[in-house]
Amino acid sequence: MIVEISNLEVVYTGAAGSLKVLDVPEWTVHRGEQVALFGASGSGKSTLLHVISGLLPATSGRVSICGDELSSMGEAARDHFRARHIGYIFQSFNLLEGYTAVENVLLGMAFSGTRPDRGFAAALLSELGLGDRLNHRPSQLSFGQQQRVAVARSLANKPELILADEPTGSLDPSRAQDVLDRLRDLCKQHGCTLIIVSHEAAIIEQFEQSVPFLELNRAFAKAGGSL
Ligand code: ADP
Ligand code: MG
């Protein structure tokens, strides 16, 4: 088991009061699986990925990822955990503009404690069809190419688990399909588990395992499908 969640709650507290965004009684993902989470905008999908990656602490409950108990870790330990185990792909790429494609991938290795491996970074980009774009900066690449760089970066530190948050949401359908296919192939090839979240049926229906977020997250269901 690579993800084991039980009795997870996340409550956001701010000036406007507190809002329970996640209430997940139970969720598990097996190693090597490719799982799609399907849910409307605002249903708490990104919040769940933030908890799984250790970016956000759970308010209560048990979150065990890659065999590590995140609920008992402080922020520094969670940062270290994330660098060692997790690859993260954002909808909006989050590439650094001052750096080339290959440097952006190298930055994905920078915090994991392993030596940056330019050969591996270049090989990943080549596998993604960007072998002739290694030294281009993000502004010199198309959106589809930028997202492929982000896919390469997410694999840079050889993570056990990739979390992809609407990774094709900014792409037109044919580019989106291309990025999704390459991401899924690379995860298989590198033995990486994949959790992808999306609100797009065309993406979700391609996965053998898809989980409706409404069933997973009782907070969202209780709020009547709108938080
Ligand atoms: P999704 O990714 O499914 O669109 P999110 O996880 O981003 O959903 O957000 C779920 C709910 O939590 C939304 O109602 C959003 O307004 C709220 N929310 C997200 N982040 C915060 C935050 N940092 N503080 C307070 N509320 C938040
Ligand atoms: Mg989101």
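Quick look at the numbers
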read-out: Per-residue SASA entry for R137, accessible area with 1.4 Å probe, Å² rounded to 10; value: 100 Å²
read-out: Residue among G108, G32, G17 with the largest mean-square fluctuation in a Gaussian network model of the chain, springs linking Cα atoms under 10 Å; value: G17
read-out: Length added when fully stretched, E200-R62, from 0.36 nm per residue minus Cα-Cα; value: 46.7 nm
read-out: Protein-only accessible surface order, largest first, of R184, R118 at 1.4 Å; value: R118, R184
read-out: Additional length obtainable on full extension of the chain from L19 to D172, 0.36 nm per residue less Cα span; value: 51.7 nm
read-out: Euclidean distance between Cα centres, segment 58-93 to segment 144-207, Å; value: 19 Å
read-out: Lysine pair number, Cα distance threshold 20 Å (strictly under), the chain, separation 8 or more or different chains; value: 4
read-out: Gain on full stretching of the segment that runs from F143 to S72 - 0.36 nm per residue minus C-alpha separation; value: 21.7 nm
read-out: Where S72, S210 fall by accessible area, highest first, once all protein chains stay in place (1.4 Å); value: S72, S210
read-out: Cα-based helix-to-principal-axis angle, 143-155 vs the chain, degrees rounded to 10; value: 80 degrees
read-out: DSSP bridge pairs, the chain: antiparallel proportion in percent, nearest 5; value: 50 percent
read-out: Crossing angle, helix 75-85 versus the chain [Cα axis fit, 0-90 degrees, rounded to tens]; value: 50 degrees
read-out: Cys residues of the chain counted as unpaired, since no other Cys beta-carbon is under 4.7 Å; value: C66
read-out: Most mobile of K45, K188, K158 in a GNM of the chain (Cα contacts under 10 Å); value: K188
read-out: Most to least accessible of M1, M109, M73 (protein chains only, probe 1.4 Å); value: M1, M73, M109
read-out: Carbon/sulfur fraction of accessible area - segment 3-222, other protein chains in place, 1.4 Å, %; value: 50 percent
read-out: Helix-only [θ]222 nm of the chain, DSSP H runs n ≥ 4, -39500 (n - 2.57) each, per residue, nearest 500; value: -10000 deg cm²/dmol
read-out: Pairwise label distance in nanometres, R118 with E97, each label 7 Å out on the Cα-Cβ vector; value: 2.6 nm
read-out: Among D79, D132, D185, residue whose mean-square fluctuation peaks in a GNM of the chain (springs only between Cα atoms under 10 Å); value: D132
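The values are calculated or read from the model by the stated rules, or taken from the named source; none is laboratory data. All figures in this text were calculated on a predicted structure; none of them were measured in a lab. Cβ: placed from backbone, ideal geometry, glycine included. Neighbour counts: every protein chain shown. With ligands, DNA and RNA removed, areas are computed over all heavy atoms of the protein, side chains included. Shrake-Rupley method; radii C 1.70, N 1.55, O 1.52, S 1.80 Å.
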